[in-house]
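Trainee: Once you've had a glance at the structure underneath, I'll fire off some questions.
The values are calculated or read from the model by the stated rules, or taken from the named source; none is laboratory data. Remember, it's a predicted structure, so these values are computed and weren't measured experimentally. FYI the Cβ positions are ideal-geometry reconstructions off the backbone, even for glycines, and counts take in every protein chain you see.
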Amino acid sequence: MSEIVVLGLKLAFLAALWLAILFVAAAIRTDVFGRKISTAELQIADGQPTRKQLKAAQKLPKKLKITHGPQAGTTLPLGEPIIIGRADDCQLVLNDDYVSTHHARISRGGGYDIIEDLGSTNGTFVNNQRITVPTQIGTGDSVRIGQSTMLLER
Amino acid sequence: MDEVVVYRQRRGIEAVLLLLAIAVAVGGYFLIHLDIDAELPTEWPAAVVVLTTLALVAHLVIRWRIPYADPIILPCVMLLNGLGLAMIHRLDLGGNERMHSAELQLGWTAVAVAVFCAVIFALREIRTLNRFWMLLFIFGMVLLLLPLVPGLGVEKNGSQIWIRLNLGFGAYSFQPAELAKIVLTIAFAAYLAGTREALVAAGRKIMGVELPRLRDFAPLLLMWLASLAVLVFQKDLGTSLLFFGLFVVMLFVSTERLLYPILGAALFAGGAYAGFLLFTHVQTRVLAWLDPFADYDRNYQIITAQFGMAWGGSIGTGWGLGRPNLTPLAKTDFIAAAFGEELGVAGLSAIIMVYAIIVARGIRAALGSNDSFGKLLASGLSFVFAIQVFTIIAGVTRLLPLTGLTTPFMSQGGSSLVANWATVALLLIVTHHARRPQTAKPRDPVVNLASDETIELKAAA
């Protein structure tokens with residue numbers, strides 16, 4: 001090959017090498033700031049595929065897990081009626097001044113779980129909405145009572 | 001509605017960059033043959049297919065198992081690995097007789113990618129390693145000191161850092177320090193993540209400097225002694241510097257105290273000077289650095305490398321048109337010199353840039369990580385990588401005395417390649433955890449003073 005071709009190929013290779021680095025730099029530049037999304041969308045984006053999550057949501061929850069609050073980590077099986085409150089005869093006793101003696105009840109019937117507020121002082125919240133009537137709940141819903149947040153899991 | 005920042009997965013851009021990296025490496029491979037024979041070799045489709053398949057496998061495993069991993073690191077690694085393969089192939093052609101070490105290296109690349117995938121499968125939940133730090137620490141130490149065992153260690157080029165295993169199908173030698181590097185980084189990260197608070201807080205003040213309690217400090221002291229043992233008994237300055245540097249940097253990152261790097265530099269300088277006085281092996285290296293031309297025969301390697309790089313100049317002689325084979329060990333220790341000769345300053349600095357990008361992405365992952373183990377692991381792995389690249393390229397270009405470390409992903413050699421791919425797998429796992437969208441914690445109603453609900457709360461009767 002003629003020398004001029006060799007020189008041309010050599011320069012072309014070095015240019016390609018640096019061009020590759022420029023492409024990488026461009027990719028890094030578009031990666032500096034993430035994208036802002038709402039927490040609601042995040043539930044879908046978080047790790048698990050959407051279809052799986054939807055399917056799971058159709059099935060009945062198996063347990064109630066306290067995710068936040070003084071007793072975080074505690075789980076309780078669902079199925080039998082559960083009364084949540086401060087009194088000793090409750091199935092789930094929450095030692096919390098913001099929880100009423102008999103605060104709320106979760107019961108199962110007709111293929112789904114229902115939570116009802118038993119006239120508590122500070123209310124029962126399902127997915128951050130205060131409930132006034134018995135409300136249907138399923139897997140993935142959150143329940144807040146006093147300082148504790150609970151999650152229904154399979 | 002609350003908003004959170006998430007990173008996109010960006011697997012598409014990774015695939016595009018991977019193809020670009022392979023294109024550049026294959027371009028180098030083609031240019032070698034065009035420059036030497038003016039035609040392409042008959043086996044080129046096989047080589048290209050194998051390399052592309054390996055990249056594809058690594059990419060798909062990332063897509064499947066750790067979809068949020070950093071998209072930049074894998075293409076950079078593939079580019080370096082491909083260029084290394086091309087240069088080894090070029091050196092195979094340049095010798096008096098045709099050699100086939102590039103084919104062997106391609107085989108090792110396949111093994112390395114397999115290990116890479118295995119690490120991603122096995123250690124995706126990397127935090128589980130946290131519990132076994134003591135075990136990992138002991139294992140790492142044993143690996144590091146293994147070449148000192150009589151009958152197992154082999155002396156090569158003045159250093160005793162290799163072990164030879166007699167397996168059924170023949171002798172196989174490897175550098176256990178390459179594996180020890182990874183194991184000890186994990187052990188340090190787990191140990192320091194647990195004790196960093198104690199290292200900063202507890203302890204007595206002596207001469208205005210707060211010293212940590214001895215029991216918090218013992219593993220670190222042990223590490224210092226081990227790196228000294230490597231220096232004294234294995235006579236390897238490079239490995240010793242690598243482990244000591246790793247240990248000092250991780251201590252500095254976890255405690256944020258400037259005392260440690262200063263103390264570490266002083267201790268190492270002392271150790272290195274003692275090594276210089278005691279060992280002729282170290283003296284040779286230092287004299288070859290200060291004045292190589294004083295003894296042409298002894299410093300032949302470093303002198304030919306210098307001549308080669310001078311000949312290469314700013315844009316190099318071109319692939320296949322230099323004479324990098326004149327330098328002994330051109331495929332391993334001096335591969336950077338071969339690049340300097342044939343691609344010039346423009347090419348060698350591009351390669352160093354790619355290394356810098358990998359390190360920068362690693363440190364970015366450390367910053368983005370939300371647990372101290374991940375932070376320490378990512379910074380440790382990137383620093384060990386940075387120290388290694390700096391030490392060997394500085395040695396080849398005569399900025400520092402030469403130390404026998406490998407150039408990651410480029411040097412010929414199986415244990416180094418496999419270990420570095422495993423390091424990258426760990427780094428990618430950390431980036432996956434760092435970049436994955438985190439579910440925002442629901443606010444604790446008692447702490448949230450802005451919310452009206454809190455004020456409504458009153459003690460139930």
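Trainee: Can A:G138 be described as in contact with a helix residue (DSSP H, G or I) (Cβ under 7 Å, 6 or more places away or on another chain), surrounded by fewer than 18 Cβ atoms within 10 Å (Cβ to Cβ) and either within 12 Å of chain B (Cβ to nearest Cβ) or under 17 Å from A:L60 (Cβ atoms) (or both)?
Mentor: Working: in contact with a helix residue (DSSP H, G or I) (Cβ under 7 Å, 6 or more places away or on another chain): yes; surrounded by fewer than 18 Cβ atoms within 10 Å (Cβ to Cβ): yes; either within 12 Å of chain B (Cβ to nearest Cβ) or under 17 Å from A:L60 (Cβ atoms) (or both): yes.
The answer is yes for A:G138.
Trainee: Against the condition in contact with a Lys or Arg (Cβ under 6 Å, 6 or more places away or on another chain) and surrounded by 19 or more Cβ atoms within 10 Å (Cβ to Cβ), how does B:P75 come out, does it pass? Write out each step before concluding.
Mentor: Numbers: in contact with a Lys or Arg (Cβ under 6 Å, 6 or more places away or on another chain): no; surrounded by 19 or more Cβ atoms within 10 Å (Cβ to Cβ): yes.
It is false that B:P75 is in contact with a Lys or Arg (Cβ under 6 Å, 6 or more places away or on another chain) and surrounded by 19 or more Cβ atoms within 10 Å (Cβ to Cβ).
Trainee: Can you name the residue in the range A:17-37 that is in a helix (DSSP H, G or I) and more than 7 Å from every other protein chain (Cβ to nearest Cβ) and is also modelled with the lowest pLDDT among such residues? Explain how you work it out, then say what you get.
Mentor: The first filter runs over the range A:17-37 and keeps only residues in a helix (DSSP H, G or I), leaving A:17-29.
Keeping just the survivors that are more than 7 Å from every other protein chain (Cβ to nearest Cβ) gives A:19, A:22, A:25-26, A:29.
Numbers: A:L19: 94, A:L22: 94, A:A25: 93, A:A26: 91, A:R29: 87.
So the residue we want is A:R29.
Trainee: Sticking with this one: So which residues in the range B:71-99 are within 11 Å of another protein chain (Cβ to nearest Cβ) and under 15 Å from B:I36 (Cα atoms), if there are any at all?
Mentor: The answer is B:A86, and nothing else.
Trainee: Quick one: in the range B:141-172, of everything that is polar (S, T, N, Q) and either closer than 16 Å to B:S416 by Cβ or in contact with a Ser or Thr (Cβ under 8 Å, 6 or more places away or on another chain) (or both), which residue is modelled with the lowest pLDDT?
Mentor: Taking the range B:141-172 and keeping what is polar (S, T, N, Q), we get B:157, B:159-160, B:166.
With either closer than 16 Å to B:S416 by Cβ or in contact with a Ser or Thr (Cβ under 8 Å, 6 or more places away or on another chain) (or both) added as a condition, the list becomes B:157, B:159.
Working: B:N157: 64, B:S159: 67.
In this case the residue turns out to be B:N157.
Trainee: Let me ask something else about it. Just name the residue that is nearest to the other protein chains (Cβ to nearest Cβ) out of those in the range B:35-47 that are in a helix (DSSP H, G or I) and without any contact (Cβ under 8 Å) to a residue 24 or more places away in the chain.
Mentor: The initial filter retains those residues of the range B:35-47 that are in a helix (DSSP H, G or I), namely B:35-37, B:44-47.
Remaining after also requiring without any contact (Cβ under 8 Å) to a residue 24 or more places away in the chain: B:37, B:44-46.
On the way: B:D37: 10, B:W44: 16, B:P45: 20, B:A46: 22 Å.
Here the answer is B:D37.
Trainee: Within the range A:97-119, take every residue that is within 12 Å of chain B (Cβ to nearest Cβ) and surrounded by fewer than 20 Cβ atoms within 10 Å (Cβ to Cβ) and give me the one that is farthest from A:Q136 (Cα to Cα). Before you say what the answer is, go through the steps one by one.
Mentor: Step one: of the range A:97-119, the residues within 12 Å of chain B (Cβ to nearest Cβ) are A:97-103, A:118-119.
Checking which are surrounded by fewer than 20 Cβ atoms within 10 Å (Cβ to Cβ) leaves us with A:97, A:101-102, A:118-119.
On the way: A:D97: 27, A:T101: 23, A:H102: 19, A:L118: 15, A:G119: 17 Å.
If we take residues in the range A:97-119 being within 12 Å of chain B (Cβ to nearest Cβ) and surrounded by fewer than 20 Cβ atoms within 10 Å (Cβ to Cβ), then A:D97 is farthest from A:Q136 (Cα to Cα).
Trainee: Which condition does B:L221 not pass, out of (1) at pLDDT below 85; (2) part of a helix (DSSP H, G or I); (3) buried (at least 16 other Cβ atoms within 10 Å of the Cβ), if it passes all the others?
Mentor: (3)
Trainee: Answer yes or no as to whether A:I145 is touching a residue at least 40 places away in the same chain (Cβ under 8 Å), surrounded by 19 or more Cβ atoms within 10 Å (Cβ to Cβ), of a type in the set (V, I, T) and away from every other protein chain (no Cβ under 13 Å). Break it down stepwise before answering.
Mentor: Working: touching a residue at least 40 places away in the same chain (Cβ under 8 Å): yes; surrounded by 19 or more Cβ atoms within 10 Å (Cβ to Cβ): yes; of a type in the set (V, I, T): yes; away from every other protein chain (no Cβ under 13 Å): no.
When the stated conditions are applied, A:I145 does not pass them.
Trainee: In addition: Can you pull out the residues in the range B:271-309 that are of a type in the set (G, A, S) and farther than 17 Å from B:G395 by Cβ? Outline the logic, then answer.
Mentor: Within the range B:271-309, the first condition is being of a type in the set (G, A, S), and the residues that meet it are B:271-272, B:274-275, B:288, B:294, B:305, B:308.
Once the filter is applied, which keeps residues that are of a type in the set (G, A, S) and farther than 17 Å from B:G395 by Cβ, the range B:271-309 yields B:G271, B:A274, B:A294.
Trainee: Looking at B:L417, B:L377, B:L402, B:L367, can you tell me which residue is touching a helix residue (DSSP H, G or I) at 6+ places or on another chain (Cβ under 9 Å), farther than 15 Å from B:I73 by Cα and not in a helix (DSSP H, G or I)? Before the answer, list the steps.
Mentor: Numbers: B:L417 fails: not in a helix (DSSP H, G or I); B:L377 fails: not in a helix (DSSP H, G or I); B:L367 fails: not in a helix (DSSP H, G or I).
Answer to the selection: B:L402.
Trainee: Then there's this: Only residues that are among the hydroxyl-bearing types (S, T, Y) and surrounded by 15 or more Cβ atoms within 10 Å (Cβ to Cβ): list them for the range B:52-72, please.
Mentor: Let us first name the residues in the range B:52-72 that are among the hydroxyl-bearing types (S, T, Y), namely B:52-53, B:68.
Scanning the range B:52-72 gives B:T52, B:Y68.
Trainee: Do we have B:A21 as among the small types (G, A, S), assigned to a helix (DSSP H, G or I) and either touching a residue at least 24 places away in the same chain (Cβ under 8 Å) or in contact with a Phe, Trp or Tyr (Cβ under 8 Å, 6 or more places away or on another chain) (or both) here? Give the steps one after another, and end with the answer.
Mentor: Numbers: among the small types (G, A, S): yes; assigned to a helix (DSSP H, G or I): yes; either touching a residue at least 24 places away in the same chain (Cβ under 8 Å) or in contact with a Phe, Trp or Tyr (Cβ under 8 Å, 6 or more places away or on another chain) (or both): yes.
Considered against the rule, which asks whether it is among the small types (G, A, S), assigned to a helix (DSSP H, G or I) and either touching a residue at least 24 places away in the same chain (Cβ under 8 Å) or in contact with a Phe, Trp or Tyr (Cβ under 8 Å, 6 or more places away or on another chain) (or both), B:A21 comes out as yes.
Trainee: Check A:G79 against each of (1) surrounded by 12 or more Cβ atoms within 10 Å (Cβ to Cβ); (2) modelled with pLDDT of 80 or more; (3) more than 7 Å from every other protein chain (Cβ to nearest Cβ) and name the one condition it does not meet.
Mentor: (2)
Trainee: Of the conditions (1) out of contact with any Leu (no Cβ under 9 Å at 6 or more places or on another chain); (2) without any contact (Cβ under 8 Å) to a residue 60 or more places away in the chain; (3) part of a helix (DSSP H, G or I), B:L146 clears all except one; give me its number.
Mentor: B:L146 satisfies all of (1) out of contact with any Leu (no Cβ under 9 Å at 6 or more places or on another chain); (2) without any contact (Cβ under 8 Å) to a residue 60 or more places away in the chain; (3) part of a helix (DSSP H, G or I) except (1).
Trainee: Taking A:G69, is it modelled with pLDDT of 80 or more, closer than 13 Å to A:T149 by Cα and either buried (at least 17 other Cβ atoms within 10 Å of the Cβ) or away from chain B (no Cβ under 11 Å) (or both)?
Mentor: Details: modelled with pLDDT of 80 or more: yes; closer than 13 Å to A:T149 by Cα: yes; either buried (at least 17 other Cβ atoms within 10 Å of the Cβ) or away from chain B (no Cβ under 11 Å) (or both): yes.
Judged against the criteria, A:G69 is a match.
Trainee: Related question: So is B:I352 within 23 Å of the chain's Cα centre (by Cα), over 28 Å from B:L231 (Cα atoms) and part of a helix (DSSP H, G or I) or not? Even if it seems obvious, please write down each step before you answer.
Mentor: On the way: within 23 Å of the chain's Cα centre (by Cα): yes; over 28 Å from B:L231 (Cα atoms): no; part of a helix (DSSP H, G or I): yes.
In short, no.
Trainee: What pairs can you find where one residue is in the range B:257-270 and in a helix (DSSP H, G or I), the other is loosely packed, with under 12 Cβ neighbours inside 10 Å and modelled with pLDDT under 85, and their Cβ atoms are less than 9 Å apart, with a gap of 6+ or different chains?
Mentor: From residues that are in a helix (DSSP H, G or I), the pairs are B:L259/B:V209.
Trainee: Can you name the number of the only condition in (1) within 11 Å of chain A (Cβ to nearest Cβ); (2) in contact with an Asp or Glu (Cβ under 7 Å, 6 or more places away or on another chain); (3) more than 28 Å from B:G318 (Cβ to Cβ) that B:Y68 fails?
Mentor: Result: B:Y68 passes all but (2).
Trainee: Here is a follow-up. Filter the range B:1-19 for residues that are surrounded by fewer than 19 Cβ atoms within 10 Å (Cβ to Cβ) and basic (K, R); which is modelled with the highest pLDDT?
Mentor: B:R11
Trainee: Next question. Say we look at the range B:310-340 and pick out the residues that are part of a helix (DSSP H, G or I) and within 24 Å of the chain's Cα centre (by Cα); which of these is farthest from the other protein chains (Cβ to nearest Cβ)? Full working, then the answer.
Mentor: Going through the range B:310-340, the residues part of a helix (DSSP H, G or I) turn out to be B:310-312, B:324-326, B:335-340.
Remaining after also requiring within 24 Å of the chain's Cα centre (by Cα): B:335-340.
On the way: B:I335: 16, B:A336: 15, B:A337: 18, B:A338: 15, B:F339: 11, B:G340: 13 Å.
Restricting to residues being part of a helix (DSSP H, G or I) and within 24 Å of the chain's Cα centre (by Cα), the top hit is B:A337.
Trainee: May I ask you to say which residue of B:L93, B:L74, B:L104 is out of contact with any His (no Cβ under 9 Å at 6 or more places or on another chain) and hydrophobic (A, V, I, L, M, F, W, C)? Give the derivation first.
Mentor: Numbers: B:L93 fails: out of contact with any His (no Cβ under 9 Å at 6 or more places or on another chain); B:L74 fails: out of contact with any His (no Cβ under 9 Å at 6 or more places or on another chain).
None of the other options fit; the residue is B:L104.
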